[in-house]
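J.: Sharing a structure with you now.
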Amino acid sequence: MTLTTRKFDALIVGAGGAGLRAALQLANADARVAVVSKVFPTRSHTVAAQGGVNAALANVLPDSWHWHMFDTVKGSDYLGDQDAIEYMCRAAPKVVYELEHFGVPFSRLEEGNIYQRAFGGQSQHFGKEQAARTCAAADRTGHAILHSLYQQNLRAHTHFFDEYFAIDLIKDDAGYVLGLVAFDILSGEPIAIEAKTTLIATGGAGQIFRTNTNALSNTGDGMAMALRAGVPLEDMEFVQFHPTGIAGRGMLITEGARGEGGFLINDQDERFMERYAPNAKDLASRDVVSRAIAIEVREGRGCGRNKDHVLLDLRHLGADTIMKKLPGIREVSMTFLGVDPIEEPIPVFPTCHYSMGGIPTNRDGQVVVPVKDTPEDPVPGLYAAGEAACVSVHGANRLGGNSLLDILVFGRAAANHILGFLKDNRHHRPLQQDSVDRALERLARWDRKGEGEAVEPLRRELRKVMEDHCGVFRTAEVMQEGVNRLHRLRERIDNAVIRDHSRTFNTARVEAMELENLMDCAMATIVSALGREESRGAHSRMDFTDRDDERWLRHSLYSLQDDAMDYKPVRTQPVTVESFPPKERVY
Amino acid sequence: MEFSIYRFNPETDSAPYMQDFTLGDDLVEPGMMLLDALLLLKEQDDSLSFRRSCQHGVCGSDGMNINGTNGLACIMPLKDLKTPIVLRPFPGMPVIRDLIVDMDNFYHQYREAEPWLVNDSPEPEVERLQSPEDRGQLDGLYECILCGCCSAACPSYWWNPDRFLGPAALLQAARFIQDSRDEATEHRLERLDDAYRLYRCHGIMNCTQVCPKGLNPAKAIGDIRRTMLKRSV
């Protein structure tokens, strides 16, 4: 049987905001671009983003990109690369205006400008008064952006492979990435898609934790593909726990709820954030608020019968503000808890939300790996953007409203660099068959019949191990036990089987291959976390409680080969302005 | 808890059939949604096929026919459902397998509505202004998640899926007709002025009744008709 093969200039894996922003840039420049997505594009997880996208438009309060940059560097606990952060904050107003021109239905201020709200970790004048920097379409900003980007791509005639599952990258001996092997979920047929450039924009891996705000499809497929292609993952220990997931369920309640004036209370009706962050209070950055909630509960001041959560109180905002500015979270709260936030506070608890780490890239979106003495050597033809990537603008902790910004700025930047690459590389390089064969073997592996464990219980166990051994507070002993468990789990996954062997829309096979990807991402996360002997941003070690800039102001690099750790320096030098040196972080 | 679920695998089944499933009471937790139950049933039989992703009603993947009414499994509380819970794929759409339908025609009609902002005036360096009132016109229109519940509940769409755009696509058309920034209103209305594309809607309101986001496609269609009427006089 001959393998179906298609050829494009540029290939994009993943149809969330990063992938679609890049695709639009490429299609508008008349490149032949294809997008592969395992779900129909508007079902990608960008659709679930609520609160908004940060840009210093100064529509509500005075603002500047430089203040935005300061907040982002500080929020990152100084682990973010300052050249990339400067680039992002400078580009932010432009990409938001572009979105508006693409048709995004932003909420509006009286004068007709884009509505902006306050979010956590935002300040004016380098750490002074609260800023209002988050551009919002009610509390459905991700939906508004994703649908508009998809619509503009339809207009631009981008080619879509909807409901195709990417298996692995194709590489040649010279190190060029030549596209990938995927399969059509509908027919089960594999396909090789050749491309001069491949952009990974597959999002995060939130499903490695039991309680998370993520879609079931957020299984780190692109990160795992990169690992298997020999690319290490950067800073995977930094997993953001969002302070306000619905307690026990995980659905997201946007930080915008606190931005509009909501606050957290414990069982004594105390606004406890005043103790942890006297200035920013409930709008301190996410790592700080999540830790505060976890401490309140651990010290017995939690709410409810099991004292296992705190309450988010919005009642004082009034029905009008809640219905106009936060209609989506009211709907979620009523659906999943039967709680109307106009009348009752919402039970919340920190929930796995976002991967700060990912595939290492430079600010042009090129994937970079250490080669001999060079820590950041580009892999020719390979790009990454969005949550799948680590550029790194979020460092050890991402600010709310910076993820939608990240996907737009770096989706666009990667596309611009790709256009240059296409000029210099006019022809497809010959396909390397052994690389294709390896990917096909990975697919065929799940045709194996006979006895073996089923996929779903293994997935559940993996998520439990990560929650128990790599959660908000971490110690070497507990994590080492987690690593051991994951090693045993990895062997069991190698022997797992599925019972459904049909070709047509076989979701069992998709889930099995997602489990393999989750496994690699989970191992990357816990091994990196065990390696980092300090507390920084979202990574809190009970056995190393302080930040240690002397030893640990550097990025982690995890490789699949032998689960090995390596490190590289942080880019502390911005492009044009002066560096923000590490300082103690108070809010 | 008892379920009766539509099964069809084109590789092995000559005809579809209904299969009974039981979810042990020990597995049923308070506050559970239908999707949670389906995921547990899939553990019993990994060939049971359905789409799903976000689990909270924003991605629009898991639309299906639940006890005779179209809805999203992930926001459908189990406790509200009469047992046995009867699950079928969307009516009127070709079945690929089990609860998974072929939505190509649905997406085709969406594209036919040309759901993108058209504004060829010179771009300002900043945002185009839009008053809160004008922006308010888009509320109830832009939030559609393309789940398909409405079009798959519409008899006019069942009979003429190739010629009638259906409520979901018409809602999109209304969203751009209403947008004060869009300059293609005339073109949009012209494309819709057709006995089938728009006027096959007979106002039976099934679409509005089933919309899991509480949107009102029937009203949007009525508004397009009124705009059309105004234009012709």
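J.: Run down B:Phe3, B:Phe21 and say which single residue is under 28 Å from A:Lys449 (Cα atoms) and either in contact with a Leu (Cβ under 7 Å, 6 or more places away or on another chain) or within 14 Å of another protein chain (Cβ to nearest Cβ) (or both).
T.: B:Phe21
Here is a yes/no grid of residues against (1) part of a strand (DSSP E or B); (2) modelled with pLDDT of 95 or more; (3) at negative phi:
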residue: A:Leu317; (1), (2), (3): no, yes, yes
residue: A:Phe336; (1), (2), (3): no, no, yes
residue: A:Pro341; (1), (2), (3): no, yes, yes
residue: A:Glu344; (1), (2), (3): no, yes, yes
residue: A:Pro347; (1), (2), (3): yes, yes, yes
residue: A:Asp377; (1), (2), (3): yes, yes, yes
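J.: Which one is farthest from the other protein chains (Cβ to nearest Cβ), of the residues in the range B:47-92 that are open to solvent by 10 Å² or more (accessible area, probe 1.4 Å) and touching a Ser or Thr at 6+ places or on another chain (Cβ under 6 Å)?
T.: Ranking the qualifying residues of the range B:47-92, first place goes to B:Pro84.
J.: Looking at the range A:260-309, which of its residues are in contact with a helix residue (DSSP H, G or I) (Cβ under 7 Å, 6 or more places away or on another chain) and part of a helix (DSSP H, G or I)?
T.: Of everything in the range A:260-309, those that are in contact with a helix residue (DSSP H, G or I) (Cβ under 7 Å, 6 or more places away or on another chain) and part of a helix (DSSP H, G or I) turn out to be A:Met273, A:Glu274, A:Tyr276, A:Lys281, A:Asp282, A:Leu283, A:Val288, A:Val289, A:Ala292.
J.: Could you give every pair whose Cβ atoms fall below 8 Å, whose first residue belongs to the range A:192-220 and is free of Cβ contacts under 8 Å to residues at least 24 places away in the same chain, and whose second residue is open to solvent by 10 Å² or more (accessible area, probe 1.4 Å), counting only separations of at least 6 or pairs across chains?
T.: A:Leu216/B:Arg52; A:Leu216/B:Gln55
J.: Identify all residues within the range A:549-575 that are touching a helix residue (DSSP H, G or I) at 6+ places or on another chain (Cβ under 7 Å), closer than 30 Å to A:Gly127 by Cβ and assigned to a loop (DSSP other than H, G, I, E, B); write none if there are none.
T.: A:Arg571, A:Thr572, A:Gln573, A:Pro574, A:Val575
J.: Checking B:Asp162 against (1) within 13 Å of another protein chain (Cβ to nearest Cβ); (2) surrounded by fewer than 16 Cβ atoms within 10 Å (Cβ to Cβ); (3) among the acidic types (Asp, Glu), which single condition isn't satisfied?
T.: Here B:Asp162 clears every test but (1).
J.: Still on this structure, please answer the following. When you go through (1) of a type outside the set (A, V, I, L, M, F, W, C); (2) in contact with an Asp or Glu (Cβ under 8 Å, 6 or more places away or on another chain); (3) away from every other protein chain (no Cβ under 14 Å); (4) open to solvent by 10 Å² or more (accessible area, probe 1.4 Å) one by one for A:His501, which number turns out not to apply?
T.: (3)
J.: Applying the selection to the range B:108-135, what residues are in contact (Cβ under 8 Å) with a residue 12 or more places away in the chain and either touching a helix residue (DSSP H, G or I) at 6+ places or on another chain (Cβ under 6 Å) or more than 30 Å from A:Gln116 (Cα to Cα) (or both)?
T.: Of everything in the range B:108-135, those that are in contact (Cβ under 8 Å) with a residue 12 or more places away in the chain and either touching a helix residue (DSSP H, G or I) at 6+ places or on another chain (Cβ under 6 Å) or more than 30 Å from A:Gln116 (Cα to Cα) (or both) turn out to be B:Gln109, B:Tyr110, B:Glu112, B:Ala113, B:Pro115, B:Trp116.
J.: Let me ask something else. Kindly establish whether A:Glu461 is touching a helix residue (DSSP H, G or I) at 6+ places or on another chain (Cβ under 8 Å), within 14 Å of chain B (Cβ to nearest Cβ) and in a loop (DSSP other than H, G, I, E, B).
T.: No: the conditions fail for A:Glu461.
J.: Looking at the range B:24-46, which of its residues are open to solvent by 10 Å² or more (accessible area, probe 1.4 Å), within 14 Å of chain A (Cβ to nearest Cβ) and either assigned to a loop (DSSP other than H, G, I, E, B) or under 14 Å from A:Thr507 (Cβ atoms) (or both)?
T.: Selection gives B:Glu29, B:Pro30, B:Gly31, B:Met32, B:Leu39, B:Lys42, B:Glu43, B:Asp45, B:Asp46.
J.: Something else: Whether any residue in the range A:474-481 is farther than 30 Å from A:Asp81 by Cα, open to solvent by less than 30 Å² (accessible area, probe 1.4 Å) and touching a residue at least 40 places away in the same chain (Cβ under 8 Å) is what I want to check.
T.: The answer is no; no qualifying residue exists.
J.: Take the residues of the range A:77-111 that are outside any helix (DSSP H, G or I) and more than 13 Å from every other protein chain (Cβ to nearest Cβ): which is nearest to B:Glu143 (Cα to Cα)?
T.: The qualifying residue nearest to B:Glu143 (Cα to Cα) is A:Gly80.
J.: Which of (1) over 28 Å from A:Asp406 (Cβ atoms); (2) over 25 Å from the mean Cα position of the chain (by Cα) is the odd one out, the single condition A:Met273 does not satisfy?
T.: Here A:Met273 meets the rest and fails (1).
J.: Report yes if some residue within the range B:130-146 is buried (at least 16 other Cβ atoms within 10 Å of the Cβ), within 30 Å of B:Ser47 (Cβ to Cβ) and either within 11 Å of chain A (Cβ to nearest Cβ) or under 22 Å from the mean Cα position of the chain (by Cα) (or both); otherwise report no.
T.: Among the residues of the range B:130-146, at least one is buried (at least 16 other Cβ atoms within 10 Å of the Cβ), within 30 Å of B:Ser47 (Cβ to Cβ) and either within 11 Å of chain A (Cβ to nearest Cβ) or under 22 Å from the mean Cα position of the chain (by Cα) (or both), which makes the answer yes.
J.: Across the range A:112-127, what is the total count of residues that are part of a loop (DSSP other than H, G, I, E, B) and either crowded, with 24+ Cβ neighbours inside 10 Å or facing chain B (nearest Cβ under 7 Å) (or both)?
T.: Residues in the range A:112-127 being part of a loop (DSSP other than H, G, I, E, B) and either crowded, with 24+ Cβ neighbours inside 10 Å or facing chain B (nearest Cβ under 7 Å) (or both): 6 in total.
The values are calculated or read from the model by the stated rules, or taken from the named source; none is laboratory data. These numbers come from a predicted model, not from an experiment. FYI the Cβ positions are ideal-geometry reconstructions off the backbone, even for glycines, and counts take in every protein chain you see. Calculation scope for accessible area: heavy atoms of the full protein, side chains included, ligands and nucleic acids excluded. Shrake-Rupley method; radii C 1.70, N 1.55, O 1.52, S 1.80 Å.
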